[in-house]
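Down below is the structure, laid out as structure tokens.
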Amino acid sequence: MIASSAKNLLNNVHASVVFGRRVKVLSSSLAAAIPTGGTVLDLGCGDGQVAVGLMAQRPDLKVEGVDVMERLVTHIPVTVYDGKTLPFADDSFDYVTIVDVLHHCDDPAAVLTEAARVARLGVVIKDHLREGFLAGPTLRLMDWVGNRGHDVRLPYNYLNNAQWTAAFKQAGLKKTSWRDALGLYSTPLNWFFERKLHFVTLLQNAN
């Protein structure tokens, strides 16, 4: 366990160095990846700041969230769910976004399958790619700094290319766009923490 003062310090450092830029970059990346207007479910939405940024750039999108826990302060409507079955009917939304959530899950393909069920037009993922020199340890460090202060579960379940491809196939989805140069970090942090460790992809029904 980390003491409260240490958590606060960790959160403050992350917020000042990374978080503000991250929200802006992720909002822009999602806005570029979603091809049409419509309704969006932000799966694992947290406090909803990325969703608010997305709607600011894309007024043609209406976003609501779902998460396993509701934070004290949220910026969008949030439905709490059990982490397994989304409490929505098939094709309830045009799109589902999943931002830095799947590597916190024991079975990412199962979560993807549920997302595909409720998404009519597509699923947009931002996550990590465990490929390249010291990719695993680097991702673990980033994850710990960004999430340990919030008591987020950290199984460090990062997938490589082959594993992502298998997960997409299991969920009945195919990759229709992929971008792995997001600009999440400024120089020199990007030399260590950017590389091709992050991606945004649009997935659509494979059938």
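Over region 121-186, with the other protein chains present, what is the accessible area per residue in square angstrom, probe 1.4 angstrom?
Value returned for region 121-186: 50 Å² of accessible area per residue.
With the full set of protein chains in place, find how many percent of the accessible area of the chain is carbon and sulfur; take the probe as 1.4 Å.
So the carbon and sulfur contribution to the accessible surface is 57 percent.
Which of the lysines could a cross-linker span from Lys84 if the Cα-Cα distance has to be under 21 Å and same-chain partners fewer than 8 positions apart are dropped?
Within reach: Lys126, Lys169.
How far, in nm, would the chain grow between Asp90 and Arg179 when pulled straight, counting 0.36 nm per residue and subtracting the alpha carbon separation?
29.3 nm
Okay, which of region 132-161 sit inside 18 Å, backbone N to the point 7 Å along the Cα-Cβ direction of Arg71?
Answer for this model: 143-154.
Just flag the trypsin sites (Lys or Arg not before Pro) in region 36-111 sitting in loop per DSSP whose Cβ has no more than 12 other Cβ atoms within 10 Å.
Answer by residue number: Lys84.
Towards the positive end of the charge dipole of the chain, with charges on Cβ (+1 Lys, Arg; -1 Asp, Glu), say which of Leu54, Ala166, Ser29 has the farthest Cα.
Ser29
Across the chain, what fraction of all alpha-carbon pairs, as a whole percent, falls in each successive 5 Å bin from zero upward?
Distribution as computed: 1, 7, 15, 21, 22, 18, 10, 4, 1, 0, 0 percent.
Only sites in a loop by DSSP and with at most 14 other Cβ atoms within 10 Å count here; which trypsin sites (Lys or Arg not before Pro) in region 129-158 make the cut?
Qualifying residues, ordered by number: Arg153.
Need the full-extension length gain, Lys169 to Lys62, defined as separation in residues times 0.36 nm minus the C-alpha distance. One decimal, nm.
Gain in length upon complete extension: 35.7 nm.
The values are calculated or read from the model by the stated rules, or taken from the named source; none is laboratory data. Bear in mind that the values here come from a model prediction, so they are computed numbers and not experimental data. No Cβ is skipped: glycine too gets one built from the backbone with ideal geometry, and neighbour counts run over all protein chains shown. Only protein heavy atoms, including side chains, enter the accessible area calculation; ligands, DNA and RNA are left aside. Shrake-Rupley method; radii C 1.70, N 1.55, O 1.52, S 1.80 Å.
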